[in-house]
Amino acid sequence: MDNSFYKMLIFSAAFILFLGALTACIMLVRDMEQAVQATHNQAKQFDKNTMVGNEDNSNETYSGTQVLQTVALIRSIGVEIELGGVTFHPDLDLHTTDLSMIQVRSTYRSEYVRGTDGGLQRIRFVRL
């Protein structure tokens, strides 16, 4: 037989092997994505109060009066509140603290900082 026939046969076999490997890779990626989604859904159903890592809470906005009320309730919340680079600690004395940096007519976005145990450590408000 001709040498070019053998080369074409080897090329065809290599191409079929490549297509098979590509198909297997696509199927594995799809199955992995489904497994991650199923795990995420299971974690959400297990405890409604648990925040799962890939949730997006960036659409939560608060008015300045809500932020001011949150700072006023800092002792009962028990976590630090950060606002414009200033950190308010839970042992804050409201009578001696200047809260004039809170613009009550502005809108703020909240960010939650959690510890390794999943507990809330800090609430960060960013003015929009």
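The values are calculated or read from the model by the stated rules, or taken from the named source; none is laboratory data. Only a predicted model underlies this, so the values are computations on that prediction, with no experimental measurement involved. We work out accessible area using only protein heavy atoms, side chains counted, and drop any ligands, DNA or RNA first. Shrake-Rupley method; radii C 1.70, N 1.55, O 1.52, S 1.80 Å.
What the chain shows is 76 Å² of accessible area per residue, with the surface traced by a 1.4 Å probe over protein heavy atoms.
Surface composition of the chain: carbon and sulfur atoms hold 58% of the protein heavy-atom accessible area at a 1.4 Å probe.
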